[in-house]
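Q: Structure below; questions to follow.
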Amino acid sequence: MALNVLTPGFSSDLIGIFTEFDLMPSLFSLFCPCIVLGSARAKVDGRDCGILDCCCLANPIYQVRAAVRKGGSPTDKVFDCLLASILADCCVCCAAHQTAKEAGADIIPPKDAFMRL
């Protein structure tokens, strides 16, 4: 796994977005990371994704990654905090894609997700 030193404990590759053969989830992660992260957060919380999940996330990268880890070690939290700070400026789609895959969430939520609040 490339860059696995930056994301200890995750099974999905951080730059897996560039190695998948299905182009649509990668493009969706690139252009709509807040929707991908909203879907991941709802999945982690054990509920259906709705439009507010995708539009009203505060500090989405860190919050979702922390919830996916379900606590994790202090080292994991530090890595996630640093990674969230770095990726917020340069590759949010990478973190969105990896986190959704790690959570088992749909990269592209079902159409009815956009009809629920």
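Q: Looking for whichever is within 10 Å of the chain's Cα centre (by Cα) and either at pLDDT 75 or above or farther than 21 Å from residue 8 by Cβ (or both) here; the options are 44, 36. Which one fits?
A: 36
Q: Among the residues of segment 47-55, is any part of a helix (DSSP H, G or I), open to solvent by less than 30 Å² (accessible area, probe 1.4 Å) and modelled with pLDDT under 80?
A: yes
The values are calculated or read from the model by the stated rules, or taken from the named source; none is laboratory data. Computed from a prediction, not measured in an experiment: that's the story for all the values here. Please note: Cβ atoms are built from the backbone with ideal geometry, for glycine as well, and neighbour counts cover all protein chains shown. Remember, those area values only see protein heavy atoms, side chains included, never the ligands or the DNA or RNA. Shrake-Rupley method; radii C 1.70, N 1.55, O 1.52, S 1.80 Å.
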